[in-house]
Amino acid sequence: MEFSERKRILFFGLPWTFTKYTVKEDIINIRSGLLKTIEDDCYMYKIQDVQLETSLFERMFGLGTVVCFTGDTTHQKLNLVHIKNAKAIKDFILEASEKARMKRRTLNTLDIGSDAINELD
C-alpha cells in the first residue's frame, strides 16, 4: 500500500504548493521545492510515535496534519502538513512502523534520567 499526497494551502484545501509526501510500507519520502528541490527520507522503523492534529479550518476543508516522532537525526519531528486522508495515513504509518520494527527486531528505549542518578553519587 502506498499513499501519495501534496501539501495543500489551508484556504479551500487546494494543492498549490510544491511539497509532495509519499508514504510507503518501509519509508516516508518528502520532496519540496520548485527551483531548488530538497528530498528527505525517513525509514519506518525509526518512527516511534504518530500524532494527528486538525485545526478548525483543517476540519472544514477535510485536511489534517500528521506528526511523526522519530529517532532520525535530521528530523526528530516529521510533519506532513495539510494533507487529505490524514487519519488513514496516520493509522497506516502507525501499523507500518510497528511491522518494520518487528521485522528488524529493533527496540525503542526511553531516557528516564539515568544521568541524574550518577550525579547523586
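Does Lys84 satisfy being modelled with pLDDT of 95 or more and in contact with a Leu (Cβ under 7 Å, 6 or more places away or on another chain)? Steps first, answer last, please.
On the way: modelled with pLDDT of 95 or more: no; in contact with a Leu (Cβ under 7 Å, 6 or more places away or on another chain): yes.
Taking the combined requirement at face value, the residue does not satisfy it.
For the range 43-56, what are the residues that are surrounded by 13 or more Cβ atoms within 10 Å (Cβ to Cβ) and hydrophobic (A, V, I, L, M, F, W, C)?
Met44, Ile47, Val50, Leu52 - these are the residues of the range 43-56 that are surrounded by 13 or more Cβ atoms within 10 Å (Cβ to Cβ) and hydrophobic (A, V, I, L, M, F, W, C).
Select the strands (runs of 3 or more DSSP E) contained entirely in the range 11-84, then report the ones holding at least 2 residues which are touching a residue at least 24 places away in the same chain (Cβ under 8 Å) and closer than 23 Å to Arg105 by Cα.
On the way: elements: 19-23, 27-32, 38-43, 47-53, 64-70, 77-83.
By residue number, 38-43, 47-53, 64-70.
Taking interchain pairs and intrachain pairs at least six residues apart, which have beta carbon atoms under 9 angstrom, with the first residue in the range 90-101 and under 12 Å from Glu2 (Cα atoms) and part of a helix (DSSP H, G or I) and the second modelled with pLDDT of 90 or more and of a type outside the set (A, V, I, L, M)?
That search, which allows pairs on different chains as well, returns Phe92/Glu25; Ile93/Cys68; Ala96/Lys24; Ala96/Glu25; Ala96/Asp26.
The values are calculated or read from the model by the stated rules, or taken from the named source; none is laboratory data. Note that this is a predicted model, so its numbers are computed, not measured. Reconstructed Cβ throughout: ideal geometry from the backbone, glycine too, with neighbour counts over all protein chains shown.
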